[in-house]
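The values are calculated or read from the model by the stated rules, or taken from the named source; none is laboratory data. What you see is a predicted model; the values in this text were computed from it and never measured. Every residue, glycine as well, gets a Cβ built from its backbone with ideal geometry; the counts of neighbours run over all protein chains shown. Side chains are part of the model used for accessible areas, which takes the heavy atoms of the whole protein and leaves out ligands, DNA and RNA. Shrake-Rupley method; radii C 1.70, N 1.55, O 1.52, S 1.80 Å.
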Amino acid sequence: MEDSELSRQFASAFGTEPKIFSAPGRVNLIGEHTDYNDGFVLPVALPLRTRVELAVRPGHDVRAWSAAFPDQPPFIFPLDISSAVHDWADYVGGMVWVLGGCALDQGFDIRIESTVPVGSGLSSSAALMIAVGRALQNAFNLALDDLQLARLARKAETDFVGAPVGIMDQMACSLADTSAALFIDTRTLVHETVPLPAGAELLVIDSGVRHRHAGGEYRVRRDECHRAAALLGVAALRDVAERDLNAIGALPEPLNRRARHVVTENARVLAAVEALKAGDLKEVGRLFLASHASMRDDFDVSVSAVDALVESTQAMTGVYGARLTGGGFGGAIVALTERGRAAEVGDAVIARHNQRHRDFATIVVP
């Protein structure tokens, strides 16, 4: 939608002209469940974006409205909000809460519209929080750089919303672009761009199976990783290497498999960075497949519909590799294909998949 049309809709809802800001979703190429273990990740920004329109208003209340729920009235909450209401507005409220000490001295109206699918493992929540953060940064002249904004958004999502996420999503939505992957050391937050080879193309398919990070099995996996690290005598699983796999194997079930995934996944991220730099697409594809098998068998975060998509995609001509992307328990897959083949492969895969599975898969990229 054009900015002029967005402004018109905002003016219709709130009676004033807004400024417009946005942030992208992201797809993680490899490095799953490693960020909260101080490990390595390799996301890239998506062309899909979350856009927010914001206008400062008198008083100390916030009025927030989402185009995804056009029949709902705006959520209204004070600038000194202190607790979540367990709805989409928590992601706006969380940013207000975390920036509360940064001179938010007036209320505002805000409208959200997004093309990032919710619950698909493509960082819809981080895209929303970074977009809101950028709007507030501009409206209130906050001296924040992109990394500071990412760290604040992560604090808002973990401490206010209650989702025990790592830092990858917020950094990707704040710092990444669509032309290169962003290699991140989540312990030091040192990051570098890794260009995508010209001969490759990304395919992202949403399985239609939704997930949530604010509780459930995601939280269990995080706790299991922390228990495994404690038994191994390290601060985080980042501090364990593949040479320690015998010690990992001696851990009780399922902690042994959880730790093995994180340790081998960290090694796969480092290998993928080198393979991308060398233009070795076959090696990147092999690493994708190994990562998916590890997530399925050791970390137990895949589901049958996602496994079927990976298998069908991998069987297609012109595909180097495919894997579950994101936290799992549903969500999306990412595949690396020969340039010019992604759309053709995606169309064929979902046509077959949607005849056999209840959840309706869709192509996200391209």
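Okay, here's what the table says:
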read-out: Average accessible surface area per residue within the range 185-285, 1.4 Å rolling probe, Å²; value: 47 Å²
read-out: Euclidean distance of C-alpha centroids, the range 58-128 and the range 217-277, integer Å; value: 35 Å
read-out: Heavy atoms of Asp359 accessible to a 1.4 Å probe, total area in Å² rounded to 10; value: 50 Å²
read-out: Using alpha-carbon coordinates, inclination of helix 217-232 to the longest axis of the chain, degrees; value: 60 degrees
read-out: Whole-Hz ³J(HN,Hα) from phi, Karplus 6.51 cos²θ - 1.76 cosθ + 1.60, for the range 171-176, glycine and proline x; value: 5, 5, 5, 8, 10, 8
read-out: Between helix 124-139 and the chain: long-axis angle, C-alpha atoms, 0 to 90°, nearest 10; value: 40 degrees
read-out: Dipole magnitude of the range 221-281, debye to nearest 20 (Cβ charges: Lys/Arg +1, Asp/Glu -1, about Cα centre); value: 140 debye
read-out: Over the range 1-144: Rg over Rh, Cα atoms, Kirkwood Rh; value: 0.98
read-out: In Å, descending, principal axis extents of the Cα set of the range 77-222; value: 50, 34, 31
read-out: Distance between the range 198-212 and the range 14-39 - C-alpha centres, whole angstrom; value: 16 Å
read-out: Longest site-free stretch - the chain; sites: chymotrypsin sites (Phe, Trp or Tyr not before Pro), DSSP loop, at most 16 other Cβ within 10 Å; value: 141-359
read-out: Fraction of accessible area attributable to carbon and sulfur, the chain (%, probe 1.4 Å); value: 50 percent
read-out: Charge dipole of the chain about the Cα centre (unit charges at C-beta), most positive-ward option of Pro197, Ser302, Gly107; value: Ser302
read-out: Percent of beta bridges antiparallel (DSSP, the chain, rounded to nearest 5); value: 90 percent
read-out: Cα-centred dipole magnitude for the chain, charges only on beta-carbon of K, R (+1) and D, E (-1), debye, nearest 20; value: 360 debye
